[in-house]
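**Student:** First the structure, which I've put down as structure tokens, then a few questions once you've had a look.
The values are calculated or read from the model by the stated rules, or taken from the named source; none is laboratory data. No experiment lies behind these values; they were computed from the predicted model shown. Cβ: placed from backbone, ideal geometry, glycine included. Neighbour counts: every protein chain shown.
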Amino acid sequence: MVKKIVRKRARGRGFSLLEIIVAIAIIAMISAAVTVAIVAQKQKADISLTRTNAQTILTGVQTWMLEHGDGCPTLQTLMSDGQLARGKSLKSDAWQQPWRIECKEHEVGVVSNGPDKTAGTEDDIVVPEG
């Protein structure tokens, strides 16, 4: 009689292997969903940061052109002349690709190759847009 009581208690304390596997599967599915959401938000944040940095560079180019007249400055020129801070955030876009500063007559643009890192594709970030 005592042995039966001990066996019943031992069985009632723990979880079965099936219950543990189900719990782990649920945790894995939730983790996968969270990871997908985080990756999507990171890409949106990278695009937003790149647009903001491109606008900052464009403002620096326009200021440089007002002070120096004709010509199209490089990023290094803008930093050495004090138009831009010498921080790491402006040396390249969010995907560690170099900026392109394009000057055509009186129009100036700053271009990032975007997430695919390829020039001339739909995901390129161009400031000003157009």
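Here is a yes/no grid of residues against (1) of a type outside the set (Gly, Ala, Ser); (2) at pLDDT 95 or above; (3) in a helix (DSSP H, G or I); (4) out of contact with any Lys or Arg (no Cβ under 6 Å at 6 or more places or on another chain):
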{"residue": "Lys3", "(1), (2), (3), (4)": "yes, no, yes, yes"}
{"residue": "Lys8", "(1), (2), (3), (4)": "yes, no, yes, yes"}
{"residue": "Arg11", "(1), (2), (3), (4)": "yes, no, yes, yes"}
{"residue": "Val22", "(1), (2), (3), (4)": "yes, yes, yes, yes"}
{"residue": "Ala25", "(1), (2), (3), (4)": "no, yes, yes, yes"}
{"residue": "Ala28", "(1), (2), (3), (4)": "no, yes, yes, yes"}
{"residue": "Ser31", "(1), (2), (3), (4)": "no, yes, yes, yes"}
{"residue": "Ala37", "(1), (2), (3), (4)": "no, no, yes, yes"}
{"residue": "Gln43", "(1), (2), (3), (4)": "yes, no, yes, yes"}
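**Student:** Can you report the number of residues in region 99-127 which are free of Cβ contacts under 8 Å to residues at least 12 places away in the same chain and over 14 Å from Ile47 (Cα atoms)?
**Tutor:** If we filter region 99-127 for residues that are free of Cβ contacts under 8 Å to residues at least 12 places away in the same chain, which is where we start, we get 104-107, 116, 118, 120-123.
With the extra rule that they be over 14 Å from Ile47 (Cα atoms), the set shrinks to 104-107, 118, 120-121.
Residues in region 99-127 being free of Cβ contacts under 8 Å to residues at least 12 places away in the same chain and over 14 Å from Ile47 (Cα atoms): 7 in total.
**Student:** Somewhere in region 60-83, is a residue touching a Ser or Thr at 6+ places or on another chain (Cβ under 8 Å) and closer than 26 Å to Asp116 by Cβ? Show your work before the answer.
**Tutor:** First, the residues of region 60-83 that are touching a Ser or Thr at 6+ places or on another chain (Cβ under 8 Å): 64, 83.
Those still in the list that are closer than 26 Å to Asp116 by Cβ too: none.
No, that holds for no residue.
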